[in-house]
Every structure is written in structure tokens, then in C-alpha cells.
1. Looking at the stretch 126-135, which of its residues are within 20 Å of the chain's Cα centre (by Cα) and either within 8 Å of the ligand (Cβ to nearest atom) or in the same structural domain as Glu56 (by TED's automatic domain parsing) (or both)?
2. Do you know which residues across the stretch 61-77 are in contact with a strand residue (DSSP E or B) (Cβ under 9 Å, 6 or more places away or on another chain) and either farther than 13 Å from Leu43 by Cα or at pLDDT below 95 (or both)?
3. For Ile68, are the conditions met, namely being out of contact with any Pro (no Cβ under 8 Å at 6 or more places or on another chain), of a type in the set (Val, Ile, Thr), in contact (Cβ under 8 Å) with a residue 60 or more places away in the chain and outside any loop (DSSP other than H, G, I, E, B)?
Amino acid sequence: MRPIKDRHVEQLPPVGQFKPVGVPIFAVDEMVVSIEEMEAIRLADVEGLDQGPAAELMGVSRPTFHRILEKAHLKIGRFLWEGRTLRIEGGNYRMKCCNGSRQFRCGTCGHEWEVPAGQGGRGCQLLCPQCGAQAAVRLR
Ligand SMILES: [Zn+2]
């Protein structure tokens, strides 16, 4: 079997474990979601990236990204529906070592700007510093 190539991950999830309220933790089956599955969720669902650019950021093909995201959605859906505990850990990934800044272009006026790593919140909520439109498109 071909070894799985490491997927590039920019950010580690801030919370590593979830459990249903009012249920003893030993009473429910645990679901494990990998770090790269959470990265796919972050890029596609939180940042709102298309699968093409998101796949590029993680260093995988588009079909591979799609597969990772599908798997993550299935697990999280089951976690919610079945009331399980959820742990986020492991997988095949390495952290990106670049400065991690993100670059955006305004969909309204075309202005481009950069947001340093760890600042500025979600891309889909960013306002253009030039015209104030909420139309940020992530470039990298
Ligand atoms: Zn603008």
C-alpha cells in the first residue's frame, strides 16, 4: 500500500474534545476526527474556500480533498446525531512552516491585502480595508 502523503495544515483546532451535555463520558462511544479532517472543515466550511484552492493549500488533489471533507462531514454528522463524544487527534499531516499570513482580494473594488497569521478572524467575515465591502476572496 502506498503511504499517505502528509497533508499541510495551517492551524490546529482550538478544542480537542467534545461531549454531549449531561451524559457521562464513559456511556458514549467516542468518535475520532483527524487533524487534517478538521483542517478540511475549516477551509471549506469556516473560511468558505472552494475545493480547488482548499486542496492546493493542503497539498492534495481536489478529489482527495473532497474525500477528506466527506469523511469529516459524515463523522461530525454522526457525532451530533448519535450523541457521541468527539476527539480530534492524529492523522497524516504536518504544520505549515511559512509565516502563515493570508492574502485576500476584495470582490467589489479589487483591492488586495494581507492578514498576518492568527489575526483577522474568518475570511468570509473580513471587510475590505479600502471600500468596506464584505467580499473578501482568499488568494492564499
Ligand atoms: Zn474593496
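1. Once the filter is applied, which keeps residues that are within 20 Å of the chain's Cα centre (by Cα) and either within 8 Å of the ligand (Cβ to nearest atom) or in the same structural domain as Glu56 (by TED's automatic domain parsing) (or both), the stretch 126-135 yields only Ala135.
2. Correct list: Thr64, Lys71, Lys75, Ile76.
3. Values: out of contact with any Pro (no Cβ under 8 Å at 6 or more places or on another chain): yes; of a type in the set (Val, Ile, Thr): yes; in contact (Cβ under 8 Å) with a residue 60 or more places away in the chain: yes; outside any loop (DSSP other than H, G, I, E, B): yes.
Judged against the criteria, Ile68 is a match.
The values are calculated or read from the model by the stated rules, or taken from the named source; none is laboratory data. Source: prediction; values computed, not measured. When we count neighbours, we look across all protein chains shown, and the Cβ atoms used for this are built from the backbone with ideal geometry, even at glycine.
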